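Following: one structure in structure tokens, then a few remarks.
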Amino acid sequence: MSLVFNMVGGGSGIKLESLTITKAPAKTDYMAGEIFDPSGMVVTATFSNGEQLQLVNYQLAPSGPLSIETSQIGISYTWDGVTKTAYQAISVVAVHIYGVQWDGTKTTRWTRTDDSANFTDPQPAINNGTGSSPFDNLMPWAGMVKEEDPVAGTLVKIPKYWYKWTRSGKTMKLQIADSPTEGFYTSPAHADRGDGEGERDYVYVGRYHCASDYKSKTGRAPWVNVTRATARTQIHSLGTDIYQYDYAMFWTIRLLYLCEYSDWNSQEMLGVGGSPSGRAFSMGLTDAMKYHTGTSAASRGIRGCVQYRYIEGMQDNAYDFVDGIRFSDANVYCIKNPAQFSDTANGTLVGTRVIGSGYISKWTSPTAPGFEYALFPNEVNGGGPTEYITDVCQSNSVGILMCSGSDYDYNLGCGAFCMLASYGESSSNSSVGCRLQKLPRKAA
């Protein structure tokens, strides 16, 4: 016989023989500091008369915050002076949080916080040499590796992470966690895009700008003089999970860069970009680099091909169209679902933009839930290429599309955070190309 009630006394001569967990709890994976949740767990006591009772009154050990050393929970029940204990296996992992904070003044430098408070600055490669970073063995950075895709070409794999923005006045604090953490959001490109795929553990971005066949290939010139709509169509024709690089991917990469390099000035940190010859060049100048980040030039202050964690050309050779964002007058709309990418329709209103051109000095605060990453400049009165954000925004009322980065010229203010929002629907340019991303689908 199996009953559901609480036994609170004894004296009947019946003895407690055993305690069994007959149904595991719904949650068995925890982060350090969480408290065990018994929801869904069924604990059954067996007595000497053969009766079995499902208990609702038992003791848990530990009952407080879980530590990384905890591998099981003891469930104990006492009847007539006899105590029996059963054990439920659980997994507890530590959360590592890495942070940086900017005070909003003219300095480009951020202050390191949290678990990375005492980290030294990374040393990217020069002249395709070697380098180092205290983040090299930490997730998600350590999981950024090159992979060859038979359809899309050479890609860079990016693991999922969790991030949090804290804003107070001019101060901005960015935190990145390697595990789910209360108050943190899933990294933008990995978050649920409303396409039926849910969150993705990994996403991929083209290592190179797209070539003429819209694939990510070394040894080929960037494909330019194309409209964003044409690039979108041609890239997606490669495969059902391949799309044009979008604003969620843009910020997924930039958040990682900011936390690692703790400085807005990517041209000073990584290299100025541009082209050694002052003309467009074949992609792959960083293929010989012995490290994943740095410049092909002899110093960071002269023109050269730059890569960040294997992503080449973020600020050289060609600007990249950025999909998943469009403008209507001052309004900024973002689109998560790549099936809905459009130049003139769809999207969620996430805030407004500045109309004007200049060095970025301040960002908007996104107003739409689920788009916490979607910062856009709302002040462009920065002092120049060594102050505030150090990159430029060009935005006008007829511009409805966005591109980012730089081209083969050496352009001060055209680093990782450069944003050009001055392109119309039919715009194409000899300096503007495209990049692809792969958003894996669930296995059939």
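The values are calculated or read from the model by the stated rules, or taken from the named source; none is laboratory data. Being a predicted model, the structure only gives us computed values, none of them experimental. Positions of Cβ are generated from backbone atoms using ideal geometry, with glycine treated the same way; all protein chains shown enter the neighbour counts. Heavy atoms of the whole protein, side chains included, go into the accessibility calculation; ligands, DNA and RNA do not. Shrake-Rupley method; radii C 1.70, N 1.55, O 1.52, S 1.80 Å.
For the stretch 245-374, the Cα gyration tensor yields ellipsoid semi-axes of 30, 16, 15 Å (square root of five times each eigenvalue, largest first, whole Å).
Heavy-atom surface analysis with a 1.4 Å probe gives the chain a carbon and sulfur content of 48 percent of its accessible area.
Would you work out the charge dipole size for the stretch 108-160 about its Cα centre, treating the Cβ of every Lys and Arg as +1 and the Cβ of every Asp and Glu as -1, and quote it to the nearest 20 debye?
Dipole of the stretch 108-160, to the nearest 20 debye: 140 debye.
Per residue, the accessible area of the chain comes to 40 Å², computed with a 1.4 Å probe over protein heavy atoms only. Between helix 247-261 and the chain there is an angle of about 80 degrees, using the helix long axis and the longest principal axis of the Cα atoms. Taking a ≥ b ≥ c as the square roots of the Cα gyration tensor eigenvalues, with a/c under 1.5 meaning rounded and otherwise prolate when a/b beats b/c, else oblate, which class fits the stretch 143-294? Verdict is oblate for the stretch 143-294. Note on the stretch 360-444: Cα-only Rg and Dmax are 15.3, 53 Å.
Once you order the gyration tensor axes a ≥ b ≥ c over the Cα atoms, which shape class does the stretch 209-285 get: rounded for a/c under 1.5, otherwise prolate or oblate by comparing a/b with b/c?
oblate
Computed over the chain, the per-residue total of -39500 (n - 2.57) for DSSP H runs of n ≥ 4 gives a 222 nm mean residue ellipticity of -2000 deg cm²/dmol, rounded to 500. As a rough guide to protection, the peptides 103-115, 332-344 ranked by mean Cβ packing within 10 Å, highest first, stand as 332-344, 103-115. State the label only: which of (i) 70, 53, 40; (ii) 94, 44, 42; (iii) 66, 66, 48 corresponds to Cα extents along the principal axes in Å computed from the shown model? Checked against the structure: label (ii).
Working ranking of peptides 121-132, 210-221 by packing, defined as the average number of other Cβ atoms within 10 Å per residue, highest first, is 210-221, 121-132.
Reducing the stretch 198-249 and the stretch 23-56 to their Cα centroids gives an inter-centroid distance of 50 Å. Using θ = phi - 60° in the Karplus curve 6.51 cos²θ - 1.76 cosθ + 1.60, the 3J(HN,Hα) couplings for the stretch 361-368 round to 10, 7, 10, 6, 10, x, 9, 9 Hz; x is entered for Gly and Pro.
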